[in-house]
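The structure appears below as structure tokens.
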Amino acid sequence: MNPNPNQTRVVNRRANERGAALITALLVSTLLLIVGGALILTTSVAQGLAIDATSEIQAYYSAEAGVNAVLNTLRGNVASNPAGTNANFRNVADNPDMSTWLAYDTTINGVNVVQVDDAPTMGFTISVTDPDSIPAPKQPNRLIIHSTGYGPKGSKKQMEVVVSRYIFDFFAPSTILTIGNDDGSAMTNFAIGDSNAKEYSGYDQSDLTTSIPVFGTTHANDLTQATSVVGASKPTTVSAVEKVTELANNQLPYWLQSADAARSFLNTMRERAQTTGRYFSGNTADQGTQAEPKYTFIDGDATLTEGAGLLIVTGKLVSDGNTGFKGVILCLGGGEFERSGTGNSDLLGAIVVAKFDQVVNDNNPHPFLTPIFNVSGGGTGLTAYSTDWIDKALAANGVRTLGVREY
């Protein structure tokens with residue numbers, strides 16, 4: 001019984017909840033501590049991954065620098081070390097670490113490398129192989145460049161590049177190749193000159209045991225006409241195991257198997273000439289030399305000079321007979337080669353004459369047209385097949401990358 005009925009009784013209903021706020025604060029603090037620790041750990045891991053990724057990228061760029069160093073050397077842009085040896089596919093294959101041209105002047109993780117940078121230290125090693133095992137002294141057709149790039153923190157990347165000696169595929173099915181009209185009609189102007197002293201030869205001037213046809217045609221009517229012209233000349237004027245032949249389409253380089261392919265090829269070679277500073281919108285006397293064969297693209301008519309290398313002419317090419325040329329001559333588009341006498345000069349290598357519309361703006365067929373090969377007058381000049389000069393002509397155009405892989 002309440003002795004004081006007028007007094008209000010206070011009951012403390014939270015007496016059992018004392019310390020709950022402290023526990024809640026501890027739980028929240030613990031949670032925050034865990035989250036903070038996770039954040040610190042994540043940040044630390046991310047930072048480490050970023051550093052590792054940067055190191056991997058630096059190693060990759062080092063490997064890429066190695067590939068570019070080899071390509072620049074093959075293009076003649078890197079001086080030999082010591083000076084005096086110009087790089088070609090043969091001596092590069094014989095010096096697979098490229099130490100003749102590149103200085104292995106730094107050590108990374110016990111490996112001698114060609115230094116790329118020193119802050120941080122980056123470098124590469126090179127190993128070059130010939131996948132076709134071409135025996136010396138012949139030049140390999142391809143090389144495989146193995147480049148290993150080294151970066152900081154023990155990072156390493158490997159890159160492999162296959163390169164060809166030639167910017168495009170070319171083989172000579174005959175010393176002089178004329179691509180006939182797709183309608184099968186015979187050439188309206190095919191002449192080899194009326195001098196019995198001159199000579200056309202299919203024997204390789206680099207190896208006289210090898211012979212290809214002198215005149216190659218692509219249609220039966222052209223074959224008949226060329227055979228008649230050659231038959232009317234002195235027996236010693238045209239010399240080869242086979243003097244005249246008709247070639248099937250699959251015996252031609254791929255870019256001569258159709259007019260569309262020839263147009264595409266011509267446009268590609270025009271663009272390459274423009275990017276390499278060897279494009280001329282009109283005639284030029286700078287057509288290379290025997291000491292320095294060059295790639296020359298002349299858009300329009302041209303006069304042959306005493307040159308060497310790869311010459312592409314889209315118009316009419318004229319020679320006075322006393323002017324020789326060593327290498328490959330491609331008369332594409334205009335498809336006309338005219339020589340006034342053979343003089344006493346030589347044309348060594350191979351010649352291709354193909355006529356077609358260069359610009360096509362509709363869906364109509366635009367096939368090969370009738371080419372012109374016209375040599376007049378006398379002289380004692382030699383027009384002959386030469387693998388050596390074909391090789392030099394194609395090599396003058398720079399190497400071509402066939403494939404790249406990272407591993």
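Could you figure out which of (1) within 18 Å of LEU330 (Cβ to Cβ); (2) in a strand (DSSP E or B) isn't true of PRO173?
Only one criterion in (1) within 18 Å of LEU330 (Cβ to Cβ); (2) in a strand (DSSP E or B) is unmet by PRO173, namely (2).
Return the residue satisfying two criteria in turn: it lies in the range 100-111 and is over 24 Å from ALA396 (Cα atoms) and modelled with pLDDT of 90 or more, and of such residues it is most open to solvent (accessible area, probe 1.4 Å).
Checked the range 100-111; the qualifying residue most open to solvent (accessible area, probe 1.4 Å) is ASP105.
Working carefully through the options LEU347, LEU369, LEU332, find the one that is touching a residue at least 40 places away in the same chain (Cβ under 8 Å) and surrounded by 21 or more Cβ atoms within 10 Å (Cβ to Cβ).
LEU332
Conditions (1) in contact with a Ser or Thr (Cβ under 9 Å, 6 or more places away or on another chain); (2) open to solvent by 30 Å² or more (accessible area, probe 1.4 Å); (3) on the phi > 0 side of the Ramachandran plot; (4) part of a loop (DSSP other than H, G, I, E, B), marked per residue:
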position	(1), (2), (3), (4)
VAL113	yes, no, no, no
GLN139	no, yes, no, yes
GLN158	yes, yes, no, no
ILE167	no, yes, no, yes
GLY184	no, no, yes, yes
PHE190	yes, no, no, no
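Name every residue in the range 351-366 that is closer than 30 Å to LYS234 by Cα and either open to solvent by 50 Å² or more (accessible area, probe 1.4 Å) or part of a loop (DSSP other than H, G, I, E, B) (or both), in order of residue number. Reasoning before the result, please.
Kept after step one, since they are closer than 30 Å to LYS234 by Cα, are these residues of the range 351-366: 351-355.
Scanning the range 351-366 gives a single hit, LYS355.
Identify, by number, the condition in (1) modelled with pLDDT of 65 or more; (2) more than 41 Å from the chain's Cα centre (by Cα); (3) under 30 Å from THR148 (Cα atoms) that LEU22 doesn't meet.
Checking LEU22 against (1) modelled with pLDDT of 65 or more; (2) more than 41 Å from the chain's Cα centre (by Cα); (3) under 30 Å from THR148 (Cα atoms), the one that fails is (3).
In the range 198-252, which residues are touching a Ser or Thr at 6+ places or on another chain (Cβ under 6 Å), among the small types (Gly, Ala, Ser) and more than 13 Å from PRO173 (Cβ to Cβ)?
Correct list: SER201, SER206, ALA226, SER239.
So, in the range 196-215, exactly how many residues are open to solvent by less than 20 Å² (accessible area, probe 1.4 Å) and either under 30 Å from LEU71 (Cα atoms) or of a type in the set (Ser, Thr, Tyr) (or both)?
Result for the range 196-215: 2.
Does the range 142-149 contain at least one residue that is assigned to a loop (DSSP other than H, G, I, E, B), within 24 Å of VAL70 (Cα to Cα), of a type in the set (A, V, I, L, M, F, W, C) and touching a residue at least 40 places away in the same chain (Cβ under 8 Å)? Explain how you work it out, then say what you get.
Taking the range 142-149 first, the residues assigned to a loop (DSSP other than H, G, I, E, B) are none.
Checked against the condition, which is being assigned to a loop (DSSP other than H, G, I, E, B), within 24 Å of VAL70 (Cα to Cα), of a type in the set (A, V, I, L, M, F, W, C) and touching a residue at least 40 places away in the same chain (Cβ under 8 Å), the range 142-149 yields no hits at all.
Restrict the check to the range 388-402 and report whether at least one residue is surrounded by fewer than 20 Cβ atoms within 10 Å (Cβ to Cβ) and more than 27 Å from the chain's Cα centre (by Cα).
No; the residues of the range 388-402 include none that is surrounded by fewer than 20 Cβ atoms within 10 Å (Cβ to Cβ) and more than 27 Å from the chain's Cα centre (by Cα).
The values are calculated or read from the model by the stated rules, or taken from the named source; none is laboratory data. This structure is a prediction, so every number in the text was calculated from the model and none was measured. We place every Cβ from the backbone using ideal geometry, glycine too, and count neighbours over all the protein chains shown. Areas reflect the complete protein model, heavy atoms only, side chains present, ligands, DNA and RNA absent. Shrake-Rupley method; radii C 1.70, N 1.55, O 1.52, S 1.80 Å.
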